[in-house]
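Asker: This is the structure I want to talk about, given as structure tokens.
The values are calculated or read from the model by the stated rules, or taken from the named source; none is laboratory data. Bear in mind the structure is a predicted one, so any value in this text is a computation, not a measurement. Counting neighbours? That spans all protein chains shown, and the Cβs are built from the backbone with ideal geometry, glycine included. Ligands, DNA and RNA are stripped out before the accessible areas are found, and what is left, the full protein with its side chains, is counted by its heavy atoms. Shrake-Rupley method; radii C 1.70, N 1.55, O 1.52, S 1.80 Å.
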Amino acid sequence: MIPVTKPFLPLQEEYQNYLTGIWKRQWLTNMGPLASQLEMELKKYLSLKHLLFVTNGTIALQMAIKALDLKGEIITTPFSFVATTSSIVWEGCKPIFVDIDEKSLNIDADKIEAVITENTSAILATHVYGNPCDVEKIEKIAKKYNLKVIYDGAHAFGVKVKDKSIFEYGDISICSLHATKLYHSIEGGLMITNNPELLKKIAFIRNFGISGYDTFSELGINGKNSEFHAAMGLINLKYVDEIILKRKLLTKRYEENLVNFKASRPLWHKYSENNGAYLPFVLESEELLLKIKTELDKTEIFTRRYFYPSLATALPYLNSTDMPITDDISKKVLCLPLFYDLTEEEVDWICRIILRIQNN
Ligand SMILES: *Cc1c(COP(=O)(O)O)cnc(C)c1O
């Protein structure tokens, strides 16, 4: 059996060592020493000035919307994980979808201005599969119309545009450290901003709005994370370069093997490198996709239709909107197995089967 993804796990002894420390200190959560250490080490690793370790990527999105006091309409992409849209609705705002660019699969920045109204407060865009959005164009539009920008960088750990971390763009960026992501702390998330005042506000929001021994400054929530999660994050950070390298190697292997596959790869941002978070292919037709997926399922090679269906049509709490490019792409996109333990021999085997089914 080959799953589409498999979480990276270090040796159990390594985690055990951290547990011994936790048992000694008896400090389990609430911004403990391991959580602080993880924030410091991640800032160093990602070359960031400010960063907060939070419960998960979804709460990070919700706290970002809260921290920026967003109201009314938020422009977003229908081609993402459901949390991108649901957090907008959860915070009492209205998602306004803009179709994606058919090459990059990110929100089409050229279509944003057309949907801006006096009720628009922000743009919430996803760096899909870790491929950076057109951040410069989005920044220009945001400035022109005085809008806030949040980036869902759940897939974008370690991604840079030229030499700058992708997380430095927008008013706030978030990342997910969920077990299925490239780099994980079992459950977890990150919030990044370049604005120290905003960071302080988010730090209060993360801790119930408590700003001192007996004072409150904001409406807050419990967005903290525990020492047990931080420990996993600290250990995995030691291996993350190796993990990314292996994923890049396997990606290259797939691409070499699949030159005759009737499918295309997303067009990557010209000043950025694929971090190997996912391995999406856009197939020639949905028919070919279903044929390949069904046969692979039978062989117990599991793939995933990530993201299908379009968020503009799938959610029972929203009216459906037609997004022709997203509707088309989401029917034809398939993510192939990619994880640290996967071997080159397995990749070769998967590719042979795919080509055989296609040519049958
Ligand atoms: C995983 C994911 C999230 C949610 O992150 P969690 O840590 O699982 O809450 C949000 N957006 C995107 C694009 C994701 O892939």
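Asker: Find the strands (runs of 3 or more DSSP E) located wholly in segment 138-215 whose residues include 3 or more that are more than 24 Å from residue 36 (Cβ to Cβ), and list them.
Answerer: 148-152
Asker: Looking at 218, 187, which is the one that is of a type outside the set (S, T, N, Q), modelled with pLDDT of 95 or more and farther than 30 Å from residue 17 by Cβ?
Answerer: 218
Asker: So in segment 166-178, with the set limited to residues that are more than 12 Å from the chain's Cα centre (by Cα) and open to solvent by 10 Å² or more (accessible area, probe 1.4 Å), which one is nearest to residue 68 (Cα to Cα)?
Answerer: Only one residue fits best here, namely 171.
Asker: Test residue 197 against the criterion of being over 21 Å from residue 88 (Cβ atoms), acidic (Asp, Glu) and out of contact with any helix residue (DSSP H, G or I) (no Cβ under 7 Å at 6 or more places or on another chain), and give yes or no.
Answerer: Yes.
Asker: Looking at segment 54-97, which of the residues that are open to solvent by 10 Å² or more (accessible area, probe 1.4 Å) and among the aromatic types (Phe, Trp, Tyr) is nearest to the ligand (Cβ to nearest atom)?
Answerer: 81
Asker: Go through (1) over 22 Å from the mean Cα position of the chain (by Cα); (2) surrounded by fewer than 16 Cβ atoms within 10 Å (Cβ to Cβ) for residue 242 and report which single condition fails.
Answerer: Looking at each condition in turn, residue 242 falls short on (1).
Asker: Mind telling me which of the residues 205, 192 ends up being open to solvent by less than 30 Å² (accessible area, probe 1.4 Å), within 16 Å of the ligand (Cβ to nearest atom) and either among the β-branched types (Val, Ile, Thr) or at positive phi (or both)?
Answerer: Only one candidate passes the filter, namely 192.
Asker: Then there is this: What is the one condition in (1) of a type outside the set (Asp, Glu); (2) touching a Cys at 6+ places or on another chain (Cβ under 7 Å); (3) free of Cβ contacts under 8 Å to residues at least 24 places away in the same chain that residue 189 does not satisfy?
Answerer: Here residue 189 meets the rest and fails (3).
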